[in-house]
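Report on the structure given below.
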Amino acid sequence: MNNEDLLAMAEKVMQRSYSPYSDFKVGAAILAKNGEVYTGTNVENVSFGMTVCAERNSVFTAIGKGDKEFVRLALVTEAETMVPPCGACLQVLKEFADDLEVIIKWKNGCQTVTLKELLPMAFDYELKVGKK
Ligand code: THU
């Protein structure tokens, strides 16, 4: 799965975003170690705090399908500037992929960064040894 194809999947799911309150569409496609791809988009709610980001929806779908090892995430918005994942999503991504590569695409640009760069001092804890 090359970056262009992964970004295309993120872009496609971004079009299905349910974001009537922010009018900000986000699409995510996460590539598992075994080659499977899981997509997610942001889903908002009139009770704003119920909103779930695209990145977390993609990870949660993967977990439900039995995949929890990831190598790359493509993230697409229609923003004018680069939009990195929010802090909550970074922490969720870190749970499953210490060495994740994140490709971020916006209106007029694209940049690849690592999860470690985005979340250099992440919360971690010994209890995680039981996660597998
Ligand atoms: N959003 C995401 O989907 N991912 C992020 O990392 C940050 C924000 C969504 C949530 C909400 O639907 C909209 O973007 C505006 O915050």
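Measuring with a 1.4 angstrom probe and ignoring ligands and nucleic acids, T112 comes out at about 70 Å² accessible. Could you check how much of the accessible area of the range 3-129 is carbon and sulfur, as a whole percent, using a 1.4 Å probe? It is 54 percent, rounded to a whole number. With both labels modelled 7 Å from their Cα along Cα-to-Cβ, the A8 to K68 distance reads 3.2 nm.
Just to be sure I understand: of the beta bridges DSSP finds with both ends in the chain, what percent are antiparallel, rounded to 5? Percent antiparallel among DSSP bridges in the chain is about 75.
Could you provide, to the nearest whole Å², the per residue accessible area of the range 2-128 with probe 1.4 Å? Let's see the in-between values first.
Working: 6960 Å² over 127 residues.
Using a 1.4 Å probe on heavy atoms only, each residue of the range 2-128 averages 55 Å².
Angle check, please: helix 87-96 long axis (alpha carbons) against the longest principal axis of the chain (alpha carbons), in degrees 0 to 90, nearest 10. With rounding to tens, the tilt is 40 degrees.
For the range 21-129, take the convex hull of the Cα atoms, compute a quarter of its surface area, and give me that in nm², please. Intermediate values should be presented prior to the final figure.
Working: hull surface 29.6 nm².
Dividing the Cα hull surface by four gives the mean projection, 7.4 nm².
Across the protein chains, with a 1.4 Å probe defining accessible surface, the residues I104, I63 rank I63, I104 from largest area downward. The residue list V37, F123, A10 was ranked by how far each Cα lies along the charge dipole of the chain toward its positive end, using unit charges on Cβ atoms, and V37 comes out on top. Net charge of the neighbourhood of V26, taken over other residues with C-beta under 14 Å away and scored Lys/Arg +1, Asp/Glu -1, is +1. Residue separation of Q91 and T114 scaled by 0.36 nm, minus their Cα-Cα distance, works out to 7.0 nm of gained length. Against the chain, whose longest principal axis comes from its Cα atoms, helix 3-14 is set at around 60 degrees. For E78 and M50, calculate 0.36 nm times their separation in residues minus their Cα-Cα distance, and state this gained length in nm to one decimal. Gain on stretching E78 to M50: 7.8 nm.
Angle of helix 54-65 to the longest C-alpha principal axis of the chain, folded into 0 to 90 degrees and rounded to 10: 50°.
The values are calculated or read from the model by the stated rules, or taken from the named source; none is laboratory data. Remember, it's a predicted structure, so these values are computed and weren't measured experimentally. Glycine gets a Cβ as well: all are built from the backbone with ideal geometry, and neighbour counts include every protein chain shown. These area figures cover heavy atoms from the full protein model, side chains too; ligands, DNA and RNA do not enter into them. Shrake-Rupley method; radii C 1.70, N 1.55, O 1.52, S 1.80 Å.
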